[in-house]
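The values are calculated or read from the model by the stated rules, or taken from the named source; none is laboratory data. In this text, all values refer to a predicted model and were calculated from it rather than measured experimentally. Neighbour counts run over all protein chains shown; Cβ positions are idealised from the backbone, glycine included. With ligands, DNA and RNA removed, areas are computed over all heavy atoms of the protein, side chains included. Shrake-Rupley method; radii C 1.70, N 1.55, O 1.52, S 1.80 Å.
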Amino acid sequence: MNKRGPNSFTIDEQNLCITQGRIWMPSHPKADKEGVVTGHQLFIKGKKIEAILPDNEVQSELKSTYTNIKLEGALITPGLIDCHTHLVFAGNRAHEWQRRLAGESYEEIVKSGGGIQSTVNATIEASEQMLYELSLPRLEALVKEGVTTLEIKSGYGLCYDSEFKILSVIKTIKENHKLDISPTFLGAHAVPKAYTTDPEGYLDTVINKMLPDFWHKGLMEAVDIFCETIAFSVEDATRLFKAARELGIPIKAHAEQLSHLGTSELVANFKGLSVDHIEYLQKSDVIAMQHSGTVATLLPLAFYFLKETQKPPIDLLRKYAIPMAISTDFNPGTAPLASLRLAMNMAAVEFGLTVDEILLGVTTHAAKALGRDNTHGKIAPGFMANLAIWEVDKPVEIFYELGTNPLIYRVFEGDITN
(Lines give C-alpha, C1' and ligand atoms only; values in the text may rest on other atoms or scores of the structure.)
Protein backbone atom coordinates (compact mmCIF):
# COMPACT_ATOMS: atom_id res chain seq x y z
CA MET A 1 0.00 0.00 0.00
CA ASN A 2 1.32 3.43 -0.86
CA LYS A 3 1.67 6.02 1.85
CA ARG A 4 -1.26 8.36 1.93
CA GLY A 5 -0.63 12.04 2.42
CA PRO A 6 1.96 14.50 1.11
CA ASN A 7 5.32 13.01 0.17
CA SER A 8 7.49 15.75 1.62
CA PHE A 9 7.06 19.23 3.02
CA THR A 10 8.42 21.62 5.60
CA ILE A 11 5.88 23.53 7.63
CA ASP A 12 6.58 25.37 10.87
CA GLU A 13 4.22 27.64 12.80
CA GLN A 14 1.81 28.13 9.90
CA ASN A 15 -1.96 27.88 9.80
CA LEU A 16 -2.94 24.51 8.39
CA CYS A 17 -6.02 23.04 6.75
CA ILE A 18 -5.94 19.24 6.71
CA THR A 19 -8.28 17.74 4.14
CA GLN A 20 -9.29 14.30 2.84
CA GLY A 21 -8.47 12.68 6.15
CA ARG A 22 -10.69 10.53 8.33
CA ILE A 23 -10.89 11.90 11.87
CA TRP A 24 -11.35 9.74 14.98
CA MET A 25 -13.90 11.64 17.06
CA PRO A 26 -16.10 8.99 18.73
CA SER A 27 -18.44 11.51 20.40
CA HIS A 28 -19.13 13.41 17.16
CA PRO A 29 -22.77 13.07 15.95
CA LYS A 30 -21.58 12.06 12.46
CA ALA A 31 -19.08 9.43 13.62
CA ASP A 32 -19.51 5.94 12.20
CA LYS A 33 -19.47 2.76 14.29
CA GLU A 34 -15.65 2.96 14.38
CA GLY A 35 -15.81 6.50 15.80
CA VAL A 36 -14.53 7.96 12.52
CA VAL A 37 -15.82 11.13 10.87
CA THR A 38 -15.32 11.67 7.12
CA GLY A 39 -15.97 14.62 4.84
CA HIS A 40 -14.60 17.17 7.29
CA GLN A 41 -11.63 19.52 7.25
CA LEU A 42 -9.40 20.20 10.22
CA PHE A 43 -8.17 23.77 10.73
CA ILE A 44 -5.10 24.49 12.87
CA LYS A 45 -4.13 28.00 13.85
CA GLY A 46 -0.77 28.30 15.54
CA LYS A 47 -0.52 25.59 18.21
CA LYS A 48 -4.23 24.86 18.56
CA ILE A 49 -7.11 23.32 16.68
CA GLU A 50 -9.32 26.12 15.44
CA ALA A 51 -12.24 24.26 13.85
CA ILE A 52 -13.48 21.00 12.31
CA LEU A 53 -15.88 21.84 9.49
CA PRO A 54 -17.84 19.78 6.94
CA ASP A 55 -16.44 20.08 3.41
CA ASN A 56 -19.55 21.87 2.16
CA GLU A 57 -19.29 24.58 4.84
CA VAL A 58 -15.72 25.61 4.09
CA GLN A 59 -15.54 28.88 2.18
CA SER A 60 -12.79 29.17 -0.41
CA GLU A 61 -11.67 32.59 0.84
CA LEU A 62 -11.20 31.15 4.35
CA LYS A 63 -9.28 28.15 3.07
CA SER A 64 -6.97 30.33 0.99
CA THR A 65 -5.41 31.73 4.16
CA TYR A 66 -4.25 28.25 5.27
CA THR A 67 -1.60 25.85 4.02
CA ASN A 68 -3.55 22.91 2.61
CA ILE A 69 -2.46 19.37 3.51
CA LYS A 70 -4.23 16.53 1.63
CA LEU A 71 -4.15 13.17 3.40
CA GLU A 72 -5.98 11.00 0.83
CA GLY A 73 -7.85 8.95 3.42
CA ALA A 74 -5.33 8.59 6.26
CA LEU A 75 -6.72 8.33 9.79
CA ILE A 76 -6.21 11.21 12.24
CA THR A 77 -6.27 10.62 15.99
CA PRO A 78 -5.19 12.76 18.90
CA GLY A 79 -1.49 12.45 19.60
CA LEU A 80 -0.90 9.55 21.95
CA ILE A 81 -0.30 10.20 25.65
CA ASP A 82 1.89 7.94 27.79
CA CYS A 83 0.83 8.98 31.28
CA HIS A 84 3.04 6.76 33.48
CA THR A 85 6.75 6.19 32.78
CA HIS A 86 10.06 5.96 34.64
CA LEU A 87 12.15 6.93 31.63
CA VAL A 88 15.25 8.39 33.31
CA PHE A 89 17.55 5.82 34.90
CA ALA A 90 20.91 4.07 34.47
CA GLY A 91 21.79 0.38 34.29
CA ASN A 92 19.43 -2.50 33.64
CA ARG A 93 17.95 -5.43 35.53
CA ALA A 94 18.10 -8.19 32.95
CA HIS A 95 19.79 -10.46 35.50
CA GLU A 96 16.82 -10.01 37.83
CA TRP A 97 14.43 -10.90 35.04
CA GLN A 98 16.43 -14.06 34.50
CA ARG A 99 15.94 -14.88 38.20
CA ARG A 100 12.21 -14.34 37.85
CA LEU A 101 12.15 -16.60 34.82
CA ALA A 102 13.76 -19.24 37.03
CA GLY A 103 10.91 -18.91 39.52
CA GLU A 104 11.79 -16.21 42.06
CA SER A 105 9.13 -13.63 42.87
CA TYR A 106 9.58 -9.88 42.56
CA GLU A 107 9.19 -9.55 46.33
CA GLU A 108 11.96 -12.13 46.95
CA ILE A 109 14.33 -10.28 44.63
CA VAL A 110 13.60 -6.97 46.37
CA LYS A 111 14.27 -8.47 49.79
CA SER A 112 17.64 -9.82 48.57
CA GLY A 113 18.82 -6.36 47.56
CA GLY A 114 17.50 -6.20 44.02
CA GLY A 115 14.58 -4.32 42.58
CA ILE A 116 14.38 -0.55 42.73
CA GLN A 117 17.50 -0.22 44.90
CA SER A 118 19.75 -1.77 42.24
CA THR A 119 18.60 0.84 39.73
CA VAL A 120 19.04 3.56 42.35
CA ASN A 121 22.67 2.57 42.80
CA ALA A 122 23.38 2.80 39.06
CA THR A 123 21.48 6.07 38.70
CA ILE A 124 23.32 7.73 41.58
CA GLU A 125 26.63 6.86 39.90
CA ALA A 126 25.58 8.25 36.50
CA SER A 127 26.15 11.87 35.53
CA GLU A 128 23.32 14.13 34.45
CA GLN A 129 24.61 14.06 30.87
CA MET A 130 24.80 10.27 30.89
CA LEU A 131 21.24 9.99 32.17
CA TYR A 132 20.07 12.34 29.42
CA GLU A 133 21.84 10.34 26.72
CA LEU A 134 20.51 7.04 28.06
CA SER A 135 16.98 8.45 27.93
CA LEU A 136 17.10 9.46 24.27
CA PRO A 137 16.61 6.04 22.60
CA ARG A 138 13.68 5.32 24.92
CA LEU A 139 12.21 8.71 24.13
CA GLU A 140 12.67 8.26 20.39
CA ALA A 141 10.95 4.86 20.45
CA LEU A 142 7.82 6.42 21.97
CA VAL A 143 7.88 9.44 19.66
CA LYS A 144 8.03 7.17 16.60
CA GLU A 145 4.76 5.60 17.72
CA GLY A 146 2.91 8.92 17.80
CA VAL A 147 3.39 9.96 21.42
CA THR A 148 3.07 13.72 21.87
CA THR A 149 2.60 13.92 25.66
CA LEU A 150 4.77 11.99 28.09
CA GLU A 151 4.81 11.73 31.87
CA ILE A 152 8.24 11.01 33.39
CA LYS A 153 8.75 10.22 37.07
CA SER A 154 11.79 10.60 39.24
CA GLY A 155 12.25 7.95 41.93
CA TYR A 156 15.58 6.30 41.16
CA GLY A 157 17.55 8.80 43.25
CA LEU A 158 16.09 8.41 46.76
CA CYS A 159 18.18 11.30 48.05
CA TYR A 160 17.96 15.04 47.47
CA ASP A 161 20.86 15.37 45.03
CA SER A 162 19.96 12.42 42.83
CA GLU A 163 16.24 13.19 42.76
CA PHE A 164 17.16 16.75 41.77
CA LYS A 165 19.47 15.34 39.07
CA ILE A 166 16.71 13.19 37.57
CA LEU A 167 14.19 16.03 37.58
CA SER A 168 16.81 18.26 35.93
CA VAL A 169 17.25 15.67 33.16
CA ILE A 170 13.48 15.63 32.67
CA LYS A 171 13.55 19.41 32.38
CA THR A 172 16.32 19.17 29.74
CA ILE A 173 14.23 16.69 27.76
CA LYS A 174 11.28 19.08 27.90
CA GLU A 175 13.41 21.99 26.66
CA ASN A 176 15.05 20.12 23.78
CA HIS A 177 12.36 17.90 22.26
CA LYS A 178 9.00 18.41 20.60
CA LEU A 179 7.07 16.73 23.38
CA ASP A 180 4.73 17.88 26.10
CA ILE A 181 6.48 16.56 29.22
CA SER A 182 4.75 16.11 32.57
CA PRO A 183 7.36 15.66 35.35
CA THR A 184 6.31 13.78 38.49
CA PHE A 185 8.25 13.63 41.76
CA LEU A 186 8.42 10.05 43.07
CA GLY A 187 10.84 10.40 45.93
CA ALA A 188 8.66 7.97 47.90
CA HIS A 189 9.41 5.12 45.50
CA ALA A 190 11.27 2.97 48.02
CA VAL A 191 13.09 3.33 51.31
CA PRO A 192 16.82 3.79 50.57
CA LYS A 193 19.34 1.50 52.24
CA ALA A 194 20.70 4.30 54.40
CA TYR A 195 17.25 4.59 56.02
CA THR A 196 16.44 0.88 56.40
CA THR A 197 16.04 1.27 60.16
CA ASP A 198 14.50 4.75 59.92
CA PRO A 199 11.94 4.85 57.08
CA GLU A 200 10.05 7.64 58.83
CA GLY A 201 13.21 9.74 58.75
CA TYR A 202 13.46 9.34 54.98
CA LEU A 203 9.81 10.25 54.51
CA ASP A 204 10.42 13.35 56.65
CA THR A 205 13.16 14.38 54.18
CA VAL A 206 10.83 13.77 51.21
CA ILE A 207 8.03 15.80 52.76
CA ASN A 208 9.94 18.62 54.43
CA LYS A 209 12.85 19.16 52.04
CA MET A 210 12.45 17.61 48.59
CA LEU A 211 8.74 18.21 48.02
CA PRO A 212 8.66 21.98 48.68
CA ASP A 213 12.06 22.64 47.07
CA PHE A 214 11.34 20.80 43.83
CA TRP A 215 7.86 22.32 43.63
CA HIS A 216 9.07 25.88 44.10
CA LYS A 217 11.88 25.31 41.57
CA GLY A 218 9.25 24.31 38.97
CA LEU A 219 10.69 20.82 38.52
CA MET A 220 7.47 18.88 39.05
CA GLU A 221 3.75 18.93 38.28
CA ALA A 222 2.59 16.21 40.65
CA VAL A 223 3.77 13.91 43.44
CA ASP A 224 3.54 10.12 43.45
CA ILE A 225 4.11 7.36 46.02
CA PHE A 226 4.47 3.58 45.82
CA CYS A 227 2.18 2.06 48.44
CA GLU A 228 2.77 -1.64 49.00
CA THR A 229 4.01 -4.03 51.68
CA ILE A 230 7.52 -3.72 50.19
CA ALA A 231 7.36 0.07 50.00
CA PHE A 232 5.25 2.70 51.83
CA SER A 233 2.08 2.41 53.89
CA VAL A 234 -1.27 4.15 53.61
CA GLU A 235 -0.32 6.15 56.70
CA ASP A 236 2.84 7.30 54.92
CA ALA A 237 0.80 8.31 51.88
CA THR A 238 -1.60 10.25 54.08
CA ARG A 239 1.29 12.31 55.47
CA LEU A 240 2.65 12.98 51.99
CA PHE A 241 -0.73 13.92 50.54
CA LYS A 242 -1.49 16.33 53.37
CA ALA A 243 1.81 18.11 52.75
CA ALA A 244 1.13 18.18 49.01
CA ARG A 245 -2.35 19.60 49.56
CA GLU A 246 -0.94 22.45 51.62
CA LEU A 247 1.37 23.34 48.73
CA GLY A 248 -1.32 22.87 46.07
CA ILE A 249 0.45 19.92 44.44
CA PRO A 250 -1.67 17.33 42.56
CA ILE A 251 -1.25 13.74 43.77
CA LYS A 252 -1.27 10.23 42.33
CA ALA A 253 -0.16 6.80 43.53
CA HIS A 254 1.09 3.35 42.60
CA ALA A 255 -1.73 1.47 44.27
CA GLU A 256 -3.16 -2.01 44.81
CA GLN A 257 -0.55 -3.66 42.56
CA LEU A 258 0.50 -6.64 44.69
CA SER A 259 -2.13 -6.49 47.44
CA HIS A 260 -5.03 -4.36 48.63
CA LEU A 261 -4.09 -1.65 51.13
CA GLY A 262 -6.85 0.89 50.44
CA THR A 263 -4.51 3.42 48.84
CA SER A 264 -6.88 4.08 45.96
CA GLU A 265 -9.71 5.15 48.25
CA LEU A 266 -7.26 7.45 50.02
CA VAL A 267 -6.18 9.02 46.72
CA ALA A 268 -9.81 9.52 45.77
CA ASN A 269 -10.53 11.17 49.12
CA PHE A 270 -7.73 13.63 48.31
CA LYS A 271 -9.21 14.07 44.80
CA GLY A 272 -6.04 12.71 43.24
CA LEU A 273 -5.35 12.58 39.53
CA SER A 274 -4.93 8.81 39.19
CA VAL A 275 -4.29 5.47 40.82
CA ASP A 276 -2.02 3.22 38.79
CA HIS A 277 -1.66 -0.58 38.48
CA ILE A 278 -4.79 -1.36 40.62
CA GLU A 279 -4.89 -5.12 40.07
CA TYR A 280 -6.34 -5.54 43.61
CA LEU A 281 -8.79 -2.63 43.42
CA GLN A 282 -12.05 -3.19 45.31
CA LYS A 283 -15.59 -1.86 45.04
CA SER A 284 -15.18 0.65 47.87
CA ASP A 285 -12.19 2.16 46.03
CA VAL A 286 -14.11 2.38 42.78
CA ILE A 287 -17.08 4.11 44.41
CA ALA A 288 -14.76 6.67 45.95
CA MET A 289 -13.07 7.20 42.57
CA GLN A 290 -16.43 7.76 40.91
CA HIS A 291 -17.13 10.67 43.26
CA SER A 292 -13.64 12.19 42.94
CA GLY A 293 -13.07 11.81 39.20
CA THR A 294 -9.81 9.93 39.82
CA VAL A 295 -8.56 8.02 36.77
CA ALA A 296 -7.75 4.31 36.82
CA THR A 297 -4.44 3.88 35.00
CA LEU A 298 -3.91 0.37 33.67
CA LEU A 299 -0.36 -0.88 33.13
CA PRO A 300 -0.71 -4.11 31.13
CA LEU A 301 3.00 -4.37 30.25
CA ALA A 302 3.98 -4.68 33.91
CA PHE A 303 1.18 -7.23 34.37
CA TYR A 304 2.58 -9.21 31.44
CA PHE A 305 6.25 -8.87 32.34
CA LEU A 306 5.69 -9.93 35.97
CA LYS A 307 3.45 -12.80 34.83
CA GLU A 308 0.72 -11.66 37.19
CA THR A 309 -2.61 -13.44 37.34
CA GLN A 310 -4.75 -10.96 39.30
CA LYS A 311 -6.33 -8.69 36.68
CA PRO A 312 -7.74 -5.22 37.38
CA PRO A 313 -11.54 -5.31 37.88
CA ILE A 314 -12.40 -4.01 34.42
CA ASP A 315 -16.13 -4.79 34.63
CA LEU A 316 -16.37 -2.93 37.94
CA LEU A 317 -14.62 0.09 36.44
CA ARG A 318 -17.04 -0.02 33.51
CA LYS A 319 -20.06 -0.34 35.78
CA TYR A 320 -19.14 2.84 37.66
CA ALA A 321 -17.93 4.66 34.51
CA ILE A 322 -14.41 5.19 35.82
CA PRO A 323 -12.15 6.64 33.09
CA MET A 324 -9.43 4.11 32.28
CA ALA A 325 -6.05 5.30 31.05
CA ILE A 326 -3.42 2.97 29.55
CA SER A 327 0.31 3.48 29.83
CA THR A 328 3.60 1.68 29.32
CA ASP A 329 4.98 2.04 32.88
CA PHE A 330 8.33 1.97 31.07
CA ASN A 331 10.96 1.08 33.68
CA PRO A 332 14.00 -1.21 33.97
CA GLY A 333 12.55 -3.74 36.39
CA THR A 334 8.94 -4.56 35.64
CA ALA A 335 8.18 -3.08 32.21
CA PRO A 336 11.31 -2.48 30.07
CA LEU A 337 9.13 -2.05 26.99
CA ALA A 338 9.17 1.36 25.29
CA SER A 339 6.07 0.83 23.16
CA LEU A 340 2.69 2.37 23.87
CA ARG A 341 1.26 0.43 20.91
CA LEU A 342 2.33 -2.78 22.64
CA ALA A 343 0.62 -1.60 25.83
CA MET A 344 -2.52 -0.96 23.79
CA ASN A 345 -2.31 -4.44 22.29
CA MET A 346 -1.81 -5.98 25.73
CA ALA A 347 -4.77 -4.03 27.11
CA ALA A 348 -6.89 -5.84 24.56
CA VAL A 349 -5.33 -9.28 24.93
CA GLU A 350 -4.75 -9.36 28.70
CA PHE A 351 -7.55 -7.12 30.03
CA GLY A 352 -10.22 -7.42 27.33
CA LEU A 353 -10.65 -3.71 26.61
CA THR A 354 -12.50 -2.62 23.49
CA VAL A 355 -10.93 -0.59 20.69
CA ASP A 356 -12.69 2.59 21.85
CA GLU A 357 -11.64 2.02 25.47
CA ILE A 358 -8.05 1.55 24.37
CA LEU A 359 -7.92 4.65 22.18
CA LEU A 360 -9.60 6.75 24.86
CA GLY A 361 -7.11 5.27 27.31
CA VAL A 362 -4.12 6.72 25.47
CA THR A 363 -5.77 10.03 24.58
CA THR A 364 -8.72 11.54 26.48
CA HIS A 365 -8.40 9.55 29.71
CA ALA A 366 -4.61 9.69 29.76
CA ALA A 367 -4.88 13.48 29.46
CA LYS A 368 -7.22 13.51 32.45
CA ALA A 369 -4.71 11.42 34.43
CA LEU A 370 -2.22 14.25 33.89
CA GLY A 371 -4.67 17.07 34.61
CA ARG A 372 -4.66 18.08 30.94
CA ASP A 373 -8.19 17.07 29.97
CA ASN A 374 -9.22 20.63 29.06
CA THR A 375 -6.37 21.09 26.59
CA HIS A 376 -5.08 17.70 25.40
CA GLY A 377 -6.29 14.29 24.27
CA LYS A 378 -9.15 15.31 21.97
CA ILE A 379 -9.64 16.62 18.48
CA ALA A 380 -11.80 19.63 19.27
CA PRO A 381 -11.65 23.42 18.84
CA GLY A 382 -9.39 25.05 21.40
CA PHE A 383 -7.40 21.89 22.12
CA MET A 384 -3.69 21.62 21.39
CA ALA A 385 -2.94 20.56 17.81
CA ASN A 386 -1.22 17.36 18.90
CA LEU A 387 -2.15 14.67 16.39
CA ALA A 388 -1.09 11.31 15.01
CA ILE A 389 -1.76 10.45 11.37
CA TRP A 390 -1.92 6.76 10.50
CA GLU A 391 -1.82 4.61 7.36
CA VAL A 392 -4.71 2.39 8.47
CA ASP A 393 -8.27 1.67 7.40
CA LYS A 394 -9.67 0.91 10.87
CA PRO A 395 -8.58 2.33 14.26
CA VAL A 396 -7.86 -1.18 15.59
CA GLU A 397 -5.01 -1.47 13.09
CA ILE A 398 -3.01 1.09 15.07
CA PHE A 399 -2.14 -1.60 17.62
CA TYR A 400 -3.01 -4.81 15.75
CA GLU A 401 0.14 -5.49 13.73
CA LEU A 402 3.23 -5.00 15.85
CA GLY A 403 6.76 -4.94 14.47
CA THR A 404 5.66 -2.54 11.75
CA ASN A 405 4.63 1.07 12.31
CA PRO A 406 1.59 2.59 10.56
CA LEU A 407 2.36 6.14 11.75
CA ILE A 408 2.76 8.53 8.80
CA TYR A 409 3.03 11.89 10.52
CA ARG A 410 3.12 13.24 14.03
CA VAL A 411 1.79 16.74 14.70
CA PHE A 412 3.04 18.56 17.79
CA GLU A 413 1.55 21.96 18.56
CA GLY A 414 0.73 22.47 14.87
CA ASP A 415 4.17 21.42 13.62
CA ILE A 416 4.10 18.35 11.33
CA THR A 417 7.00 15.92 11.32
CA ASN A 418 7.60 12.55 9.66
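Within the group H254, H260, which residue is surrounded by 23 or more Cβ atoms within 10 Å (Cβ to Cβ), outside any helix (DSSP H, G or I), in contact with a Leu (Cβ under 9 Å, 6 or more places away or on another chain) and on the phi < 0 side of the Ramachandran plot?
H254 is the lone residue from the list that is surrounded by 23 or more Cβ atoms within 10 Å (Cβ to Cβ), outside any helix (DSSP H, G or I), in contact with a Leu (Cβ under 9 Å, 6 or more places away or on another chain) and on the phi < 0 side of the Ramachandran plot.
Taking the condition of a type in the set (G, A, S) and touching a His at 6+ places or on another chain (Cβ under 9 Å), does G352 pass? Steps first, answer last, please.
Details: of a type in the set (G, A, S): yes; touching a His at 6+ places or on another chain (Cβ under 9 Å): no.
No; evaluated as a whole, the condition is false for this residue.
I'm trying to understand the selection: among the residues of region 41-73, which are open to solvent by less than 60 Å² (accessible area, probe 1.4 Å) and in a loop (DSSP other than H, G, I, E, B)?
G46, V58, Y66, L71, G73
Just to check your reading of the model, which residue among T149, T123 is surrounded by 16 or more Cβ atoms within 10 Å (Cβ to Cβ), at pLDDT 95 or above and over 20 Å from the mean Cα position of the chain (by Cα)? Give the steps one after another, and end with the answer.
Values: T149 fails: over 20 Å from the mean Cα position of the chain (by Cα).
Only one candidate qualifies: T123.
Right, T38: surrounded by fewer than 23 Cβ atoms within 10 Å (Cβ to Cβ) and in contact with a Lys or Arg (Cβ under 8 Å, 6 or more places away or on another chain) or not? Show your work before the answer.
Values: surrounded by fewer than 23 Cβ atoms within 10 Å (Cβ to Cβ): yes; in contact with a Lys or Arg (Cβ under 8 Å, 6 or more places away or on another chain): yes.
Yes.
Is there a residue being open to solvent by 40 Å² or more (accessible area, probe 1.4 Å) and either in contact with a Leu (Cβ under 6 Å, 6 or more places away or on another chain) or under 16 Å from K153 (Cβ atoms) (or both) anywhere in region 206-217?
The answer is yes, given that some residue of region 206-217 is open to solvent by 40 Å² or more (accessible area, probe 1.4 Å) and either in contact with a Leu (Cβ under 6 Å, 6 or more places away or on another chain) or under 16 Å from K153 (Cβ atoms) (or both).
Filter region 346-385 down to residues that are free of Cβ contacts under 8 Å to residues at least 60 places away in the same chain and open to solvent by less than 30 Å² (accessible area, probe 1.4 Å) and give me whichever is nearest to D415 (Cα to Cα).
The extreme case among them is I358.
Could you look through region 155-196, keep only residues that are hydroxyl-bearing (S, T, Y) and either more than 20 Å from R372 (Cα to Cα) or modelled with pLDDT under 95 (or both), and pick out the one that is most open to solvent (accessible area, probe 1.4 Å)? Before you say what the answer is, go through the steps one by one.
Step one: of region 155-196, the residues hydroxyl-bearing (S, T, Y) are 156, 160, 162, 168, 172, 182, 184, 195-196.
If we keep only those that are either more than 20 Å from R372 (Cα to Cα) or modelled with pLDDT under 95 (or both) too, we end up with 156, 160, 162, 168, 172, 195-196.
Values: Y156: 6, Y160: 55, S162: 7, S168: 16, T172: 39, Y195: 72, T196: 97 Å².
Checking each candidate, the answer is T196.
Only residues that are charged (D, E, K, R) and either buried (at least 19 other Cβ atoms within 10 Å of the Cβ) or within 27 Å of the chain's Cα centre (by Cα) (or both): list them for region 74-110, please. Even if it seems obvious, please write down each step before you answer.
Start the filter on region 74-110 by keeping residues that are charged (D, E, K, R), which leaves 82, 93, 96, 99-100, 104, 107-108.
Matches in region 74-110: D82, R93, E96, R100, E107.
Which members of region 266-281 meet the condition of being touching an Asp or Glu at 6+ places or on another chain (Cβ under 8 Å) and in a loop (DSSP other than H, G, I, E, B)? Write out each step before concluding.
Step one: of region 266-281, the residues touching an Asp or Glu at 6+ places or on another chain (Cβ under 8 Å) are 268, 275-281.
Hits for region 266-281 are I278, E279, Y280, L281.
Restricting to region 291-306, name every residue that is out of contact with any helix residue (DSSP H, G or I) (no Cβ under 7 Å at 6 or more places or on another chain) and open to solvent by less than 10 Å² (accessible area, probe 1.4 Å).
L299, A302, F303, listed by residue number.
For the condition of a type in the set (S, T, N, Q) and within 21 Å of L266 (Cβ to Cβ), what is the one hit in T197, T172, T238, T205?
Working: T197 fails: within 21 Å of L266 (Cβ to Cβ); T172 fails: within 21 Å of L266 (Cβ to Cβ); T205 fails: within 21 Å of L266 (Cβ to Cβ).
Within the list T197, T172, T238, T205, the selection yields T238.
Would you confirm whether any residue within region 392-401 is open to solvent by 30 Å² or more (accessible area, probe 1.4 Å), basic (K, R) and not in a loop (DSSP other than H, G, I, E, B)? Even if it seems obvious, please write down each step before you answer.
Taking region 392-401 as the starting set, the residues that turn out to be open to solvent by 30 Å² or more (accessible area, probe 1.4 Å) are 393-394, 396-397, 400-401.
With the extra rule that they be basic (K, R), the set shrinks to 394.
Add one more test, that the residue is not in a loop (DSSP other than H, G, I, E, B), and what stays is none.
No, that holds for no residue.
If you take the residues in region 314-335 that are outside any loop (DSSP other than H, G, I, E, B) and of a type in the set (G, A, S), which one is farthest from V120 (Cα to Cα)? Explain how you work it out, then say what you get.
Restricting attention to region 314-335, the residues satisfying the condition of being outside any loop (DSSP other than H, G, I, E, B) are 314-319, 324-326, 331, 335.
Remaining after also requiring of a type in the set (G, A, S): 325, 335.
On the way: A325: 28, A335: 16 Å.
So, considering only residues that are outside any loop (DSSP other than H, G, I, E, B) and of a type in the set (G, A, S), the one farthest from V120 (Cα to Cα) is A325.
Within region 266-290, can you find the residues that are open to solvent by 10 Å² or more (accessible area, probe 1.4 Å) and closer than 16 Å to A321 by Cα?
L273, L281, Q282, K283, S284, I287, A288, Q290, listed by residue number.
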